[in-house]
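Report on the following structure.
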Amino acid sequence: MSSSELKRLMEDVRKNPHLVDELRALLSDPDATLRWAGDKGYHLTREDVAELCDSDRELSDDDLEEAAGGDNWPPA
C-alpha cells in the first residue's frame, strides 16, 4: 500500500459497511473513485486509486481486513 491515506481509507472502509458498498460501486471508474475519496476527506493520489481499481475482483471482507492491516495489498 503506497500511502497512509489509502491505509486510513481502508481502515475506515473495514469499519463501515456503507463505505464498502460505495467504494465497490466506484472501483470501475478511477476518476469517480478519486472524487469520492476527496469528498470523504481522503487525500489519495492517482496511484492510490490505481491500487484499488487494478483489482480485477470485488473486495471481500477478508481482503479489506488484510488491506487495512497493510499486509497483502494489492491482492495476488
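Some values worked out for this structure:
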{"read-out": "Matching residues, the range 23-33, being part of a helix (DSSP H, G or I), under 12 Å from LEU52 (Cβ atoms) and either among the polar types (S, T, N, Q) or modelled with pLDDT under 90 (or both)", "value": "LEU23, ARG24, LEU26, PRO30, THR33"}
{"read-out": "Residues within the range 1-19 that are in contact (Cβ under 8 Å) with a residue 40 or more places away in the chain and surrounded by 17 or more Cβ atoms within 10 Å (Cβ to Cβ), tallied", "value": "6"}
{"read-out": "Qualifying residue in the range 45-68 (condition: loosely packed, with under 13 Cβ neighbours inside 10 Å, at pLDDT 85 or above and at negative phi)", "value": "yes"}
{"read-out": "Number of positions in the range 1-22 that are polar (S, T, N, Q) and part of a helix (DSSP H, G or I)", "value": "1"}
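The values are calculated or read from the model by the stated rules, or taken from the named source; none is laboratory data. Predicted, not measured: the structure shown is a model, and the values here were computed from it. Methodologically, a virtual Cβ is constructed for each residue, glycine included, from the backbone with ideal geometry; neighbour enumeration extends over all protein chains shown.
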